[in-house]
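All remarks here apply to the structure that follows.
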Amino acid sequence: MNSIIKGLVTIMMLSGSVVTLDVTAAEGVEVNHLGVNNTLVRITGEGRYLLLPVQESNDDARINVLVDGRLDRSINVRLAKSKVDYYVPFDLSPYAGHEVVMNITTTQGRSTVREAKDDACWKSMTLSDTFDTANREKYRPAYHHTPLYGWMNDPNGMFYKDGEWHLYYQHNPYGSKWQNLSWGHSTSKDLINWENHPEALEPTGLGMVFSGSCALDPGNTAGYGDDAVLGLYTSADASQTQSLVWSNDGGETFELYPANPVITLESEARDPNMFWDDNAKQWVLLLAHALEHEMLVFTSPDMKVWTLQSSFGKGEGAQGGVWECPDLFELPVAGSDERKWVLICNLNPGGPFGGSATQYFVGDFDGKTFKADAGADGKIPTKWMDFGKDHYATVSWSDAPDNRRTVIGWMSNWQYAAEVPTMQFRSANTLPRDVSLFKAADGEIYLSSAPSPELTGLRDRLTLNVKKANINKKGRVYDLPAANDGVCEILLDVDARKSKTVDIELKNSDGERVVMRYDVAAHTLSFDRRESGIVDFSQDFPAVTVAPTFETDNKISLRIFVDRSSIEVFGDGGRFVMTNLVFPVKPYSKLSVSAQGGNAKIENLRIFSIK
């Protein structure tokens, strides 16, 4: 328990008058109130962290961190006024042996300094050598990647090197709302277990660190050494510009290119995604021209000097919101000798079920220009990578092994991401997926997203194994695993040729439920979460999403991953996918399968508990 110091502080005002205020603060933290909206906090004691108390309903306070009298950084924190929701750590270890003062400006309305000094934050700031990141959240996923604490959105800068998958992400280390964007960093050897690392990139004088990409440089094209990790990201302040960084320690830390930014435009552009074109011996970069609804294509020999070559997208595909987070890669078309390029384009809003979503285009790329394939009607079709509401900012890992194209997304939606019922952290990533191309019965080429093969390693016990079962209107009910809050993987093959619909329902004893309905004639699978649990935190959350199944024989195979706050449905090896958040008050405990308009057959049903 930290002791509390009470004392008198004398302040000389600009007018020459002297004001003496009573100050209450934790030991080693001296608080001086300068006015109704301005306070100085001086660190006089020892401790690795200054724990900052947060109240999420407040506006941001601006904290200018002065080290030996010079501005070191500025951060925004929703400092507590009437109650403390949680704490976030400010790391003092880089400043050992130096004087640290925080000049804090708040926007909360106060009539007097005496009123201001009663705010909860001033009494609650404490010094500590540790920061507790033990999970305190009911809805923190059991097997999806999440930050230890704080806000997370887009995955960034992913690359594979020396047996490790590196995942960076948009991170606010000072609260669970969007702000102070940095690159958080995690690594994994198996795409299942993730190790957290310190922030890899933090805001600079050019602004916050928005989304970007990384790739290895085996030819030393940028001059930073063979196999240096090169990164490009958007610096976001009053304007958006593109900055270059590199790493010689495998992506643990990065150096800033001193002549940043390397790309400037007169309009809003962000989220650079680059790759090395070995045929043309140059770097290719896609940049989202966000408000223009297009992607810009640049090339460079050295990552420093970029030439604009072309643009793609105006008037094509979904145009409802800003275009963001591009990716471009080539894939073979299954069952043929054909190869096609895929351009991923995330947009918000404008998704098929409201808010954010990921669309893509299939076509050809000649090293400078992307041209999308037209459909049978001569128009470029709009294609969706995922038919849920909670799949966004999806991009791929660079330099993945065995010519794999492995992707991951942000598992949320901008409509309600800041309001979901968690507080220690906000947002998770989707499960990683390996993508490929297939040609459907309509002659169109589509992108398939299959669960990455490593995910079979999540399986623990086989808790249910049904070889064959007839189902009708009454349906069959099976137990879901009770261990680990009911998280599980469900594999279900259904022959519905003699029925009109098949309902697959996850439910609990409180009547909360998710209903997935396979419509045989329409060749669709819907996902209804309107009664899934807590849904009232946003009017946009209760929803029904619908995916085309692409099958022609009235049979579907589903692989369903259930976590504490999400359900991901992969159909027919990833030919269709739906990702949706759910917040049941109690874990789902039963699986019901029924048929309407005739009988159907379960040809296989297996349920695995998750380690």
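The values are calculated or read from the model by the stated rules, or taken from the named source; none is laboratory data. Here the structure is a predicted model, which is why all the values come from computation and not from measurement. Counting neighbours? That spans all protein chains shown, and the Cβs are built from the backbone with ideal geometry, glycine included. Remember, those area values only see protein heavy atoms, side chains included, never the ligands or the DNA or RNA. Shrake-Rupley method; radii C 1.70, N 1.55, O 1.52, S 1.80 Å.
The residues of the chain have, on average, 40 Å² of accessible surface per residue, using a 1.4 Å probe with all protein chains present. With all protein chains present, how much of the accessible area of the stretch 282-323 (probe radius 1.4 Å) comes from carbon and sulfur, to the nearest whole percent? It is 50 percent, rounded to a whole number. Within a straight-line Cα-Cα reach of under 19 Å, Lys123 can be paired with the following lysines, leaving aside sequence neighbours fewer than 8 residues apart in one chain: Lys6, Lys81, Lys83.
Count Lys and Arg as plus one, Asp and Glu as minus one, and take only other residues whose Cβ is under 13 Å from that of Val100; the net charge is then -2. Between Ala482 and Glu195, how high is the FRET efficiency from 1/(1 + (r/R0)^6) when r is the Cβ-Cβ distance and R₀ = 45 Å? Nearest 0.05. Here the calculated transfer efficiency is 0.95. Ordering Ile75, Thr358, Ile263 by the projection of their Cα atoms onto the charge dipole of the chain, which places +1 on the Cβ of Lys and Arg and -1 on the Cβ of Asp and Glu, puts Thr358 at the extreme positive end.
Extending 7 Å from the Cα toward the beta-carbon at both Glu330 and Glu292 defines two label points whose distance is 2.7 nm.
Excluding residues on the same chain fewer than 8 positions from Lys189, give the lysines whose Cα lies under 26 Å from its Cα. Cross-link targets: Lys161, Lys611. Each residue of the stretch 333-344 is assigned a 3J(HN,Hα), and the resulting list reads 8, 4, x, 8, 8, 7, 10, 9, 9, 10, 10, 8 Hz, derived from the Karplus form 6.51 cos²θ - 1.76 cosθ + 1.60 (θ = phi - 60°), x at Gly and Pro.
Given bins 5 angstrom wide, list per bin the percent of all Cα-Cα distances in the stretch 181-247, short to long. Going from the shortest bin to the longest, the percentages are 4, 16, 20, 20, 19, 14, 5, 1.
Taking 0.36 nm per residue of sequence separation and removing the Cα-Cα distance, the Tyr160/Asp540 pair yields an extension gain of 133.2 nm. On a C-alpha basis, how far is the centre of the stretch 235-273 from the centre of the stretch 581-597 in Å? Whole number, if you could? If we compute the Cα centre of each part, the gap is 45 Å. How many angstrom lie between the Cα centre of the stretch 541-556 and the Cα centre of the stretch 411-479? Cα centroid to Cα centroid, the span is 13 Å.
Each Lys and Arg contributes +1 and each Asp and Glu -1, all at the Cβ; summed about the Cα centre of the stretch 478-606, the dipole is approximately 280 debye. With a 1.4 Å probe rolled over the protein heavy atoms of all chains, the accessible area of Glu27, Glu199, Glu46 falls in the order Glu46, Glu27, Glu199, largest first. With every protein chain in place and a 1.4 angstrom probe, the accessible-area ranking of Thr406, Thr130, Thr253, largest first, reads Thr130, Thr253, Thr406. Taking only the C-alpha atoms of the stretch 369-416, the Rg (one decimal) and the largest Cα-Cα distance, Dmax (whole number), read 14.8, 38 Å. Net charge dipole, the stretch 245-286: roughly 120 debye, given to the nearest 20, about the Cα centre with Cβ charges of +1 for Lys and Arg and -1 for Asp and Glu.
The dipole here belongs to the stretch 461-507: it is taken about the Cα centre, uses +1 on the Cβ of Lys and Arg and -1 on the Cβ of Asp and Glu, and is about 420 debye. Since only Phe312, Gly597, Leu492 are under comparison, the one whose Cα sits farthest along the positive direction of the charge dipole of the chain, derived from C-beta charges on Lys, Arg, Asp and Glu, is Gly597.
Per-residue Karplus couplings for the stretch 84-101, computed as 6.51 cos²θ - 1.76 cosθ + 1.60 with θ equal to phi - 60°, are listed in order as 9, 7, 6, 10, 10, x, 9, 6, 9, 4, x, 10, 4, x, 10, 7, 10, 10 Hz, Gly and Pro entered as x. Neighbours of Trp306, meaning other residues whose beta-carbon lies under 14 angstrom from its beta-carbon, give a summed charge of 0 when Lys and Arg score +1 and Asp and Glu score -1.
If you take all C-alpha pairs in the stretch 456-606, what percent of them are over 17 Å apart? Everything past 17 Å amounts to 59 percent.
Considering only Cα atoms, the convex hull volume of the chain works out to 169 Å³ per residue. Taking other residues whose beta carbon is less than 12 angstrom from the beta carbon of Ser239, and scoring Lys, Arg as +1 and Asp, Glu as -1, yields -2.
3J(HN,Hα) along the stretch 390-398: 10, 8, 8, 6, 6, 9, 10, 6, 7 Hz, from the Karplus curve 6.51 cos²θ - 1.76 cosθ + 1.60 with θ = phi - 60°, whole Hz, x for Gly and Pro. Ligands, DNA and RNA left out, the accessible area of the stretch 522-577 computed with a 1.4 Å probe is 44% carbon and sulfur. For Val262, the residues 5 or more places off, or on other chains, whose built amide H falls under 5 Å of its own are Gln242, Ser243, Leu244. Amide H to amide H, with H built 1.01 Å from N, Leu181 comes under 5 Å of Val209, counting only residues 5 or more places away or on other chains. Straightening the chain between Lys468 and Ser557 buys 30.6 nm, computed as 0.36 nm per residue apart minus the Cα-Cα spacing.
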